[in-house]
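Enquirer: First the structure, which I've put down as structure tokens, then a few questions once you've had a look.
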């Protein structure tokens, strides 16, 4: 999904709405459980990026890898992150 400056805001809004609807269909709970936000709260760029993942497992694996890379980068700079809460299970309970 590419956003073009010559499109109207209405066209962009419709396109974003369609992408978010497809994300909700493809990943019913994965986005909320992985990132803690509703898919409707995603920016156009975030929704576009997430639409490139084929499965919920691929999305979760990339999020876990990014968190690990971020942790390693911060530790290399001398920062110590506090322990993160355990991720929610598929049912929404720890």
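Enquirer: Can you give the alpha-carbon Rg of the stretch 9-76 over 2.2 N^0.38 Å, where N counts its residues?
Expert: Ratio of Rg to 2.2 N^0.38 Å for the stretch 9-76: 1.23.
Enquirer: Quick one: Kirkwood hydrodynamic radius for the stretch 37-80, alpha-carbon pairs, angstrom, one decimal?
Expert: Numbers: mean 1/r = 0.0830 Å⁻¹.
Computed over the stretch 37-80, the radius equals 12.0 Å.
Enquirer: In nm, to one decimal, how far is the modelled label at residue 57 from the one at residue 24, with both set 7 Å along Cα→Cβ?
Expert: Calculated label separation equals 2.7 nm.
Laboratory data are not the source of any read-out in this text; all were calculated from the coordinates shown. These numbers come from a predicted model, not from an experiment. All Cβ positions, glycine included, derive from the backbone under ideal geometry; neighbour counts span all protein chains shown.
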